[in-house]
Amino acid sequence: MLFEALTGRTPFVGDNYPALAHGHLYLQPPDPRLFNPRLSPQVCQVILIALQKKPEMRYQQANDLALALEQAVHPSSIGMGDISAQPTLRPSGIERAPTTPIYTCPTCHRPNKPDTYFCVRCGSLLNPCPKCRNQNRARDRFCTRCGQSLQYRIQ
């Protein structure tokens, strides 16, 4: 999400799920400065560490990412450490509970759970396919009927 927030696009694009999945699994993300030349090399380094393919090479906690980004934006911050250092590894015995994303209704902006098709407040269809008008769950990124890329709204 940081890549998209700072460049205006996702790191990988594709017209269908297999093309998008291929990018996520096998391709290195592009340098964010290709899409936003105003980004500093330090901020780009933080983004690219966060997008590493191997989980152990990424930041293990959101706080680690936040601290690295803070130092990249404000290099004079004292006590932040070196952003080029490897992220802190999480002890192997600690597991975190998964979180559930919340999807916002495009009509009334009410938060909805991922498996819902219709808004719990206003009844609007949450994730219709723009191509075939199929009803998809809020969490679906691609149409379950035709494979068209869908707009999704995570809160």
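Considering every residue within the stretch 111-132, establish whether at least one is modelled with pLDDT under 90, outside any loop (DSSP other than H, G, I, E, B) and on the phi < 0 side of the Ramachandran plot.
Looking for residues that are modelled with pLDDT under 90, outside any loop (DSSP other than H, G, I, E, B) and on the phi < 0 side of the Ramachandran plot, one finds at least one in the stretch 111-132, hence yes.
Restricting attention to the stretch 133-155, which residues are outside any loop (DSSP other than H, G, I, E, B) and either among the basic types (K, R) or over 20 Å from M1 (Cα atoms) (or both)?
Q135, N136, listed by residue number.
Out of the stretch 52-73, which residues are of a type in the set (A, V, I, L, M, F, W, C) and either surrounded by fewer than 18 Cβ atoms within 10 Å (Cβ to Cβ) or in contact with a His (Cβ under 8 Å, 6 or more places away or on another chain) (or both)?
Across the stretch 52-73, the qualifying residues are M57, A62, A66, V73.
Tell me which residues, restricted to the stretch 7-36, are surrounded by 14 or more Cβ atoms within 10 Å (Cβ to Cβ), hydroxyl-bearing (S, T, Y) and assigned to a helix (DSSP H, G or I).
T7, Y17
Can you spot a residue in the stretch 81-103 that is within 20 Å of the chain's Cα centre (by Cα), assigned to a strand (DSSP E or B) and either modelled with pLDDT under 90 or exposed (fewer than 10 other Cβ atoms within 10 Å of the Cβ) (or both)?
yes
The values are calculated or read from the model by the stated rules, or taken from the named source; none is laboratory data. Fair warning: this is a prediction, and the values are worked out from it, not measured in the lab. All Cβ positions, glycine included, derive from the backbone under ideal geometry; neighbour counts span all protein chains shown.
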